[in-house]
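Novice: What follows is a structure written as structure tokens; I'll ask about it next.
Each reported figure results from applying straightforward, stated rules to the coordinates on display, with no laboratory input. Fair warning: this is a prediction, and the values are worked out from it, not measured in the lab. Here Cβ is always computed from backbone atoms with ideal geometry, including for glycine, and neighbour counts include all displayed protein chains.
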Amino acid sequence: MKTVIKETLAQKQGKDKVSYFFYAYKGVFIAIIGVLLAVGFIVYSYATKPVTIFNARVITEASKDASLVPALQESYDSLLQPVGKEQVTVEYTNIDDVQSNQVFANQLAAQEFDIIWMEESLVTDFVNRYDTDNVSASDLTFQQDGKTYVGRIMPHAPHPEALAKIKKLYQTEK
């Protein structure tokens, strides 16, 4: 503690002494509060981060099959029953949108998906663009609104236990 501050504190009494102490070291207190807030934010972000237990994607043309997403989401939620921070993710990618395609390609390369659903007519386009070795082929299909949807299973799916349950769901529908 600096001598000037010590001398001034010695002359003061009660509330004045405390008030002067905080005034003299306000920079230190602001820094401590800032560090505590940053640490608190990091801990809170980590503690509340959702954990994906299954990730599905629906590829569409001009978002025409986007209505399929809520039905799949509801079906997968009821089957996998996520609890707490767990979540099942079902989203769609518009194959006609360049930005959407870029994001999809990056996520595909990062092996974030377990299964990708698409209308049967889009399979050839998908194989030509993303899966030239045809490693994601599967026999999973379902029909809705007169359309046949084909499931492509990723070779290194990040959630194999959940994927096994989902496969059973479609194998019993046949």
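Novice: Compare the Cα positions of PRO70, TYR23, HIS156 along the charge dipole of the chain (+1 at Cβ of Lys, Arg; -1 at Cβ of Asp, Glu; about the Cα centre) and return the one farthest towards the positive end.
Specialist: Positive-most Cα among the choices belongs to TYR23.
Novice: Roughly what angle does helix 14-24 make with the longest principal axis of the chain, taking Cα atoms, 0 to 90 degrees, to the nearest 10?
Specialist: 60
Novice: Could you pull the Rg and Dmax for the range 23-74, using just the Cα atoms, both in Å?
Specialist: Values for the range 23-74 (Cα only, Rg and Dmax): 22.4, 65 Å.
Novice: Sorted by packing (mean other beta-carbon atoms within 10 Å per residue), highest first, where do 48-58, 153-163, 135-145 land? Intermediate results must be reported in sequence, preceding the final value.
Specialist: Values: 48-58: 17.1, 153-163: 15.3, 135-145: 13.7.
Order by mean packing, descending: 48-58, 153-163, 135-145.
Novice: If you place +1 on the Cβ of every Lys and Arg, -1 on the Cβ of every Asp and Glu, and leave all else neutral, what size is the dipole of the chain about its Cα centre, to the nearest 20 Debye? Walk me through the numbers before you get to the answer.
Specialist: Details: 17 positive and 21 negative charges, 344 e Å.
Here the chain has a charge dipole of around 1660 debye.
Novice: If you take the beta carbon distance between VAL135 and VAL51 as r and set R0 to 25 Å, what does 1/(1 + (r/R0)^6) give as a FRET efficiency, to the nearest 0.05?
Specialist: Values: r = 27 Å, r/R0 = 1.07.
Once the sixth-power term is evaluated, E becomes 0.40.
Novice: With all distinct Cα pairs included, what does the Kirkwood hydrodynamic radius of the range 95-151 come out to in Å, to one decimal, could you say? Please report the intermediate quantities before stating the final value.
Specialist: Values: mean 1/r = 0.0819 Å⁻¹.
Value: 12.2 Å, from the Cα pair sum.
Novice: Once the Cα atoms of helix 98-109 and of the chain are each reduced to a long axis, what angle between those two axes, in degrees from 0 to 90 to the nearest 10, is obtained?
Specialist: 90
Novice: Would you pull out the residues with amide H under 5 Å of TYR92's amide H, same chain only if 5 or more places away, H placed 1.01 Å from N?
Specialist: Correct list: VAL58.
Novice: Here's something else I'd like to know. Whole-Å semi-axes of the range 65-132's equivalent ellipsoid, largest first, each the root of 5 times a Cα gyration tensor eigenvalue? Mind showing how you got there, number by number?
Specialist: Values: eigenvalues 114, 41, 24 Å².
Semi-axes (√(5λ), whole Å): 24, 14, 11.
Novice: Tell me, what are the semi-axes, in whole angstrom and largest first, of the equivalent ellipsoid of the range 1-137 as set by the roots of 5 times the Cα gyration tensor eigenvalues? If you can, show how the numbers build up before the last one.
Specialist: Numbers: eigenvalues 709, 60, 30 Å².
Taking √(5λ) for each Cα gyration eigenvalue gives 60, 17, 12 Å.
Novice: Could you give me the ³J(HN,Hα) list for the range 67-81, computed from phi with Karplus coefficients 6.51, -1.76, 1.60 and θ = phi - 60°, whole Hz, x at Gly and Pro?
Specialist: 5, 5, 4, x, 5, 5, 4, 4, 5, 6, 4, 5, 6, 8, 6
Novice: Just want the answer: with Cβ charges of +1 for Lys and Arg and -1 for Asp and Glu, which residue in LEU122, VAL39, ASN101 is farthest toward the dipole's positive end in the chain?
Specialist: Among LEU122, VAL39, ASN101, the one farthest towards the positive end of the dipole of the chain is VAL39.
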